[in-house]
1. When you scan the stretch A:110-121, how many residues do you find that are facing another protein chain (nearest Cβ under 7 Å) and either open to solvent by less than 10 Å² (accessible area, probe 1.4 Å) or of a type in the set (Lys, Arg) (or both)?
2. Please find, among B:Lys272, B:Lys249, the residue that is of a type in the set (Lys, Arg) and in contact (Cβ under 8 Å) with a residue 60 or more places away in the chain.
3. Among what's in the stretch B:501-526 and is part of a loop (DSSP other than H, G, I, E, B) and more than 9 Å from the ligand (Cβ to nearest atom), pick the residue that is surrounded by the most Cβ atoms within 10 Å (Cβ to Cβ).
4. Hey, can you tell me all the residues within the stretch B:303-327 that are open to solvent by 40 Å² or more (accessible area, probe 1.4 Å) and within 17 Å of B:Gly262 (Cα to Cα)?
5. Residue by residue through the stretch B:479-500, note down the ones that are within 16 Å of the ligand (Cβ to nearest atom) and either part of a helix (DSSP H, G or I) or outside the structural domain of B:Ala554 (by TED's automatic domain parsing) (or both).
6. Checking the conditions here, which among B:Ala34, B:Ala26 is of a type in the set (A, V, I, L, M, F, W, C) and closer than 16 Å to B:Gly542 by Cα?
7. Hey, B:Ala264 hits all of (1) under 22 Å from B:Arg171 (Cβ atoms); (2) open to solvent by 10 Å² or more (accessible area, probe 1.4 Å) but one; which does it fall short on?
8. Of the residues B:Lys412, B:Lys447, which single one is out of contact with any helix residue (DSSP H, G or I) (no Cβ under 9 Å at 6 or more places or on another chain) and more than 8 Å from chain A (Cβ to nearest Cβ)?
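The values are calculated or read from the model by the stated rules, or taken from the named source; none is laboratory data. Note that the structure is a prediction, hence the values are computed from the model and not measured. Cβ: placed from backbone, ideal geometry, glycine included. Neighbour counts: every protein chain shown. Accessible surface areas use protein heavy atoms only, side chains included; no ligands, DNA or RNA. Shrake-Rupley method; radii C 1.70, N 1.55, O 1.52, S 1.80 Å.
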Amino acid sequence: MAGRNYYLMIAGVGGQGSVLLSRIIGDAALMKGLSVRIGETFGAAQRGGAVHSHVRIGEEVYGPLLIEDEADALLALEPLEGLRRGVIYLKPGGIAVVNTRKVYPIDVNVGAADYPEVEKILDALKKLGARLVAYDFTKLAEEAGTTRAMNIAVLGAYARMIEEADAPFDKVTLLEAMKGRVPKRWLDANIKAFELGYKVADEEISGK
Amino acid sequence: MKHVVGLDEPGKRVILQGNEAFARGAVEAGVQVAAGYPGTPSSEIMETLSMVAKDLGFHAEWAVNEKVALDVAVGAASVGARTIATMKNAGTNWVMDMFSTVVYGGLPGALVIVSADDPEAFYSSTEEDTRFLAKGVGVMILEPSTQQEAKDMTKAAFDYSERFELPVFIRSVTRISHSSGDVTFGEIRKERNPIFFDRHYKLPFRYNVYGPFKYKGKTGPTAKHAWQLEQLEKIKEFVNEVPFNKIEKGSTRLGIIAAGMGYAYVKDSLIKLDAEGKPWILKVGTPFPLPEKLLKEFIDSVDKILVVEEGDPFIEEQLYAFMKEYAPEKPIYGKTKNQVLLRYGELGLSQVVNAVAKFLGLNPPKVDESRKKLKEEISAIIAPRSSALCPGCQHLGTYWGLRFALIKVASKFKDKWKGVWIVNGDIGCYEQGGYGIFAKEIIPSTKKESKRYMFNNPYEILDTNYIMGGGIGLAQGQYQAGYRDGPIVAVAGDSTFFHACMPALANAVYNKAAITFIVMDNSWTAMTGHQPSPSSGWTAMGEPARVIKIEDVAKALGVEHVFTVDPYDIKATEETIMKAILTSVEKKVPTVVVARRECALQVARRASRSGVNLTYYTVNQDKCIGCTLCVQLGCPAVGWDKEKKKAFIDPVLCVACGLCAQVCPVKAIVPAKEGVKLTEVK
Ligand SMILES: Cc1ncc(C[n+]2csc(CCOP(=O)(O)OP(=O)(O)O)c2C)c(N)n1
């Protein structure tokens, strides 16, 4: 019999670094001696399309896909994409870390659709039962040195959130795994982004 | 070593993407020649191999198309080498001529073909199941269910190929190729096959299907066909012994036959349903030929059978044929008569959990009604996200120029024709010019008459789109059929040009088709992840190569009117395309426009890598008159503020290409800060 598996959904837009994020989490699981499956779809475009990764971790996992209401955590690099995946996959009581920085779809730009207010997106996630931390992690990453470390800022916040939940790894493992994957010249910025993200979630949790 | 798959560390455990796992398998097998043509979801196999080829001393190349890639691999195997050819489903269609012929004489080396199918058509024109192609040819098919198996099967495939002197076909799918999992490395074979040539090696006139080889009272291809069929009989026996086929005993008389991703989903489903060990499972690693001995043992142990496989009911149909003789009374569930799984779309875990639950008489996981309702309400506010070209994409400039050139040409010939142009698309990043806007609803028309549709973005410009190289052929057919209601245009990228457009262009010249062909040359095979094309100047292994200029090729093929333009110059692009269209209409000949500008993504990456700080553009809100022209460009970095009725630019996305500044009629778009513009990057 397999023990309880752990499931994660990462959602974003092409170019935001969701693939790297999923690999870091995969490495962290590997460090804990667990099996990992990561399933990615990123649309036809190199940039700008919706991208999401299914991550499955456990003693016995085979395929890469999650089913409905199964995700223990949702990492949303973009709010609309977070909701798009969250509404299907996030389990009641699951963790959601949401970057509130919007990336407008072409549909909105050409006037064929409306971008929902971010407040409504967050509200919807809460209604779905998310334990939520939302922040402009892009801005945070910019403070750390590069907007491209946004994914790592999100990871930092997630590292704090899992201290209140069951997860197969902890902050130290995630940080180590991150260091092994990001380009050397961006390492300092990424460590800073990770810590800033961690702090954001810490303040949220402790109600500051 | 530039990639972990090249490390000689047996026992090492790493996370590999499926495609990296295929590459590792080839490395462990001691591959000597690897050739492929990019195609999602297969490209990373060759990409990974090309990264380690130099260090491990083998040859890896991106061929101009899959057909050439397979020919190269066959040639290498004809002199004894261990070879691999990689492609996506559509590419497998391209190799069929050689694939179906090379099996007649077989090969002394090893030939492994990896074909990556794409159920759900995430990245493809079709959901085609290429197992049928390989079965039609009559070779062994292997289908992995995990990344570990992807590696192990590839390694074994080289041995199997040598053992039977025939190619072995590995069928992947998106969820194998583009999923990652933990893989444990095995030994790397140190010895290399000797490279030799003997035209009568084991079979007379082995590499010449027409040679006077006599066998079973026949000569030539028929005799060689007889030889191949004998080999196939041996393979049929052999598959009962391969470790990738196996029976897992169950505690009931219910049986599941599962292959590839189907097996992975079945195992996950049984865990989910707490039903491990209940059904019998026949795990099929060789969907063709099926392991008949194992199959019999399995069938004897069960009363009814569920078949779970990704794609078409390929195993299921073979099973029906087998059961007709062996056990016609036992029902088969799957994708045909007793349908519990859809025949289209990807299999997916949700679907399999439900099918398995039903088959075993268990309750599937359920979402309660109130939550379902909540989800429906929430889903209603989620805006779709249509696929878009990248910020700064040079194709945006070409499409802008094309859009206005078409409008102007149409009005110029107002009296002569209806002004209904046809723009034939092709396969590459620019195909997004036909993806449309998901949020828009389109009502189909029913009258058989030409009709023009106007649009205000580049994503609705393409009228047709099927396959690589198809557009330029279609354009000719439209012209030859007598279509004269408007100009006929075809577009293609540089990689597509070399892949499939050259014969079609020669055809247009020779058969006098008055069409305009626009080659959108961004120097790379961009859509599949920037592999080199003959336009790039680099080989797969990073050696400099001679750039083949598309203008030169077009002229050599007899095109008299060849134009070149920079799509970052929007006015010039419009004027040049217009001139090309007018020339083709007036002179009744094909004309070619090469719109050349390197892929913005590559330039921006180079800038970032060399520490160059790009600026970004911004909209001066006081100057902006809200005309939306910049938004109509279709660049994802240019947004529209509905409340303020003004455009804005996302500084994180902007790559400072300056296209939107060119289309702004009031010069409201300017660089936001000091810094380098994209066009200034070396
Ligand atoms: C027969 C076939 N092989 C491979 C592919 C995968 N594929 C999709 S787009 C593309 C080429 C794109 O290159 P190019 O024409 O230069 O256009 P770009 O994406 O650079 O704009 C390829 C190879 C395919 N669709 N069909």
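1. 1
2. Numbers: B:Lys249 fails: in contact (Cβ under 8 Å) with a residue 60 or more places away in the chain.
B:Lys272 is the lone residue from the list that is of a type in the set (Lys, Arg) and in contact (Cβ under 8 Å) with a residue 60 or more places away in the chain.
3. Keep residues of the stretch B:501-526 that are part of a loop (DSSP other than H, G, I, E, B), which gives B:511-515, B:522-523, B:526.
Narrowing further to those that are more than 9 Å from the ligand (Cβ to nearest atom): B:511-515.
Values: B:Asn511: 11, B:Lys512: 12, B:Ala513: 25, B:Ala514: 22, B:Ile515: 27.
Ranking the qualifying residues of the stretch B:501-526, first place goes to B:Ile515.
4. Filtering the stretch B:303-327 down to residues open to solvent by 40 Å² or more (accessible area, probe 1.4 Å) leaves B:303-304, B:312, B:317, B:320-321, B:324-326.
Within the stretch B:303-327, B:Asp312, B:Glu317 meet the criteria.
5. Within the stretch B:479-500, B:Asp494, B:Ser495, B:Thr496, B:Phe497, B:Phe498, B:His499, B:Ala500 qualify.
6. Numbers: B:Ala26 fails: closer than 16 Å to B:Gly542 by Cα.
Criteria check complete, one pass: B:Ala34.
7. All conditions pass for B:Ala264, except number (2).
8. On the way: B:Lys412 fails: out of contact with any helix residue (DSSP H, G or I) (no Cβ under 9 Å at 6 or more places or on another chain).
Every option except B:Lys447 fails the conditions.
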